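Read the figures in this text as sums done on the coordinates, not as results from a lab. Given the structure is predicted, the values throughout are model-derived calculations rather than measurements. Ideal geometry is used to build each Cβ from the backbone, glycine not excepted, and the neighbour counts take in all protein chains shown.
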């Protein structure tokens, strides 16, 4: 056959048939390869793919190949879920570290405020005790 070129618009089912994989596998492959996905008026999306990126002859599909393709699709989906879960765990770890740092800062501020309050109480006690002494003792410094 001659040289292939040009862009094709294929439904996921058509793409799956061309690649010899399941429809879900075709969807995942289109997303992974970054092929443009164009929504159709009939409610079916179409994938824009270069004819050069497709095999010249679709591979034969056997039940074993279908099962293997489904397993690979499941693995790819699980890997994606795992990556997302790891990213969430990383964000949670960062947020926890920030919360611990903020907690430490707030505790330090609270300790400073308690120390200041204790000093103020001591000053007030001194002033009250001084105010209760008779005026003549205060004047004489006794």
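Assorted remarks:
- Expressed in units of 2.2 N^0.38 Å, where N is the residue count, the Cα radius of gyration of the chain is 2.57.
- With Cα atoms, 0 to 90° folded angle of helix 63-132 axis to the chain main axis: 10
- The helix-based estimate of mean residue ellipticity at 222 nm for the chain, built from -39,500 (n - 2.57) per DSSP H run of four or more residues and divided by its residue count, is -23500 deg cm²/dmol to the nearest 500.
- The chain: angle of helix 23-33 to the longest principal axis, Cα-based, in degrees nearest 10: 60
- The stretch between residue 85 and residue 106, if pulled fully straight at 0.36 nm per residue, gains 4.5 nm over its current Cα-Cα span.
- Label-point separation, residue 52 to residue 128 (7 Å along Cα→Cβ), nm: 9.0
- Where the alpha-carbon atoms of the range 1-59 are placed on the principal axes, they occupy 34, 21, 20 Å, in descending order.
- Segment residue 68-residue 44, length gained on full extension (0.36 nm per residue, minus Cα span): 6.0 nm
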